[in-house]
Structure formats: structure tokens, C-alpha cells
Amino acid sequence: MVNRERMAEEFIELVKIDSLSLNEKQMAQVLKSKLEAMGYEAFEDDAGTKAGGNCGNIICTVKGNMDVPAVLLMAHMDTVVPGTGKKPVVDGEYIRTDRTTVLGGDDLAGVECILETLRVLKEDKIDHGDIQIVFTMGEEVGLLGSKNLDYGRIYAKFAFIMDNGGPIGTVAVKAPSQNKIDAAVNGKSAHAGIEPEKGISAIQIAAYAISMMKLGRIDAETTANIGIISGGHATNIVCGRVELKAEARSLDEKKLEAQTQHMKQCLEQAAEKFGGSVEFKSELMYPAFKIGENDEIIGILKKASEASGIELRLEATGGGSDTNIVNGNGIQAVDVSIGMDKVHSVNEQIKIEDMAKAAEFLIAIIGKGMLQIKEK
């Protein structure tokens, strides 16, 4: 059913379009035109205006002929840096770039799987329920498209986010919450050679605080990291201010809060010891989600696995995605593998056969998988 050559050609076409986060306008226009060429009405929402981008999300509803709940298919349009002037190369069974940029399979492979699925459903006259499609903007810089989506327009009961790695059939059913942490340590500047006694080193305070922190893998459900430290102007000045950017993640909200408070307390104790002060801000970037073994969406996935012959692999992930936001808005959602490999690097690649199998799995989800679910 799936046309592998068509998928590869269209994926390469999409990859060549620059679509860095908050600058996805050209990609949005192309995708809107492709949906309209299939005979569907697509429109752009105002998420870009709300989030500071140059375009919004692309939204489309395809009416079905089966009496089953509607499904939402989602993938994001933006790619990370270095992602300008991508030159895709077909290397045997893989598509990669010339190794100077990312490929953008994260998440243009997800976009392509959705486009091919829609074509096959139409060409082969496969029965299905209503399908809602959302191509989001700004996913890589804070899940901005899904956060600013008008969920009043979305009536789907189940969502399949095409934005996961691993073997085809891998589905993330559990993911953590994340707190973004911005902290500043204030000391006191002084001449480091003439009167260092009159200074209070913000670097020393920060270093002492970090040495007390539990970081990395805290437990099976929780992680924490200091990602960026900046401060200081010259070696002959006692540094008066250091800024830190960090994060904490956990599948358990109480553990997330405990880890965040632990990091704050370490900074405050260090500041008190050396006579400085701390500014601390934490912000919930996205909520955790956990799909239960007996939830309806698992039954859909199992049926699709049987129908397609693709082994189902349910997993927990340590990353966040649009899936977190969609679940947080009351739609049962999972993150489905599209075969992307070595993402966010110049070594990124994707196997053409994996993209085709991902589309076959998605077709099975929408067709055979949904047949067992009746509207209540």
C-alpha cells in the first residue's frame, strides 16, 4: 500500500526547506498546499502570534466513514540547528545529509508518515473514522505549538504523535514532567589582586552549591542537570554575579518538586555561607504522562501490531514532546517511532524502509486498530 519511492522523494523535498524553530512559515505553506491538493481543507492558527514565531500550526480535519472516535495525528514542522541549507543524500537504504547540518528527520519523517498515510487511506479506499491532523510550530524550543493550540477545535479522543525514535513499533507511553530552572548567584565585585578580601565570589558560591547537589540520574524516575553557567568579566575582578540554567525531570510530581527544592536549598545554603544571595525561578515546562496497560489506546496499538505484523514495544522515555501537552489537555496520547536516528547531530540519518513501516503501522492504527473501539 505504501509507496516507498514517493515517500523518499517527498521527504527529501521537505528536508530541503529551511524550517528552524519560529521560522517555519515556508514549511507551513508547503504542507497546507499538500493537504489542499489531496482535497482537504487546512488552515493556520494563531499559535505563531502567541509564541513569537512567523507562522502558526497547520490544522486539518479529514472526515471518515466509520463510527469510531476521532484520532489526532501530530508531528512538528521545526528543526534544530545547524539546519539551514540542508543537502539530503541518498546513501544506499538511508537518507542523510552531507554531514554539515542535521537532516531534520526529527520531525519531518513524522510529517511525511502522516502525509503518506492520508494518501494511502484515500487511494486504497480504507475505511476510517474522523482524522484530525496538526503540524506544530516551535516544538524544539518549548513545545510552543502544542501549548498554544486551540484545543476547542480538537475533538479527537486518541492522539498518535509521530515523533519518537527506536525500532518501528516503539511507542512511548510514559514520560516525565520537566521544571526549567533559572538561577542567579549574587556576590560582590572587587579587585582580585589589590583587595580580594572586599569581594564575594559568585563563582565560588555557585561551585560550592553545585558540589552539594544531587545531579544526573537521581533515581529510576528522576534526573537533574546544570546545563549552562555564565558570569565574570576578567581574571582580575572577583566575580559578582553568576547565572545558571538547569532542569529537573521526574515521572513523579512529588519527586520533581523535591529535586527542584533541593537544588534551590543548595544554592541558598552556599550563598549564606559566603555572604551572597540567590535569585531562583522554576517553571513547569510540561506535565508528565503515563498510559495504563488497560487504557483503550493500548488495545488499539496491540490490534494494529497484529494487523501490520510490526512488533509493539511499549517504553518509558526521559524526554518531553508534544505528547506531554496533548495528554495534559485531556486527550489520551502516545509517541510513536518513525525511525529517526542520531537526531540533533550532523550524523542524523533515517532508513527509507523504516519510514515506510512507520506509515504502515499508522495506517493499521487508524484502520484495524480503531475498528474495535466504538463511540460511547
- Query: Can residue 316 be described as assigned by TED's automatic domain parsing to the domain that holds residue 338 and at pLDDT below 95?
  - Reply: yes
- Query: Which one is surrounded by the fewest Cβ atoms within 10 Å (Cβ to Cβ) among residues in the stretch 112-127 that are more than 25 Å from the chain's Cα centre (by Cα) and closer than 28 Å to residue 78 by Cβ?
  - Reply: 122
- Message: For the stretch 141-157, give me each residue that is in contact with a helix residue (DSSP H, G or I) (Cβ under 9 Å, 6 or more places away or on another chain) and part of a helix (DSSP H, G or I).
- Response: 141, 144, 145, 146, 147, 151
- Item | The lone exception for residue 86 - which of (1) crowded, with 19+ Cβ neighbours inside 10 Å; (2) among the charged types (D, E, K, R); (3) over 17 Å from the mean Cα position of the chain (by Cα); (4) part of a helix (DSSP H, G or I) it fails | (4)
- Message: Residues that are in contact with a strand residue (DSSP E or B) (Cβ under 6 Å, 6 or more places away or on another chain) and closer than 30 Å to residue 189 by Cα: list the strands (runs of 3 or more DSSP E) wholly contained in the stretch 229-334 that include at least 2 such residues.
- Response: 241-250, 277-286
- Task: Among the candidates 291, 338, single out the residue that is more than 29 Å from residue 88 (Cβ to Cβ), of a type outside the set (Phe, Trp, Tyr) and crowded, with 16+ Cβ neighbours inside 10 Å.
- Result: 291
- Query: Quick one: how many residues across the stretch 341-376 are without any contact (Cβ under 8 Å) to a residue 40 or more places away in the chain and crowded, with 19+ Cβ neighbours inside 10 Å?
  - Reply: 0
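A quick yes/no check of all residues on (1) surrounded by fewer than 19 Cβ atoms within 10 Å (Cβ to Cβ); (2) without any contact (Cβ under 8 Å) to a residue 12 or more places away in the chain; (3) of a type in the set (D, E, K, R):
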site	(1), (2), (3)
36	yes, yes, yes
60	no, no, no
68	no, no, no
78	no, no, yes
110	no, no, no
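The values are calculated or read from the model by the stated rules, or taken from the named source; none is laboratory data. Just so it is clear, the structure is predicted and the values come from calculations on it, not from any experiment. Every residue, glycine among them, receives a Cβ derived from its backbone with ideal geometry; neighbour counts consider all protein chains shown.
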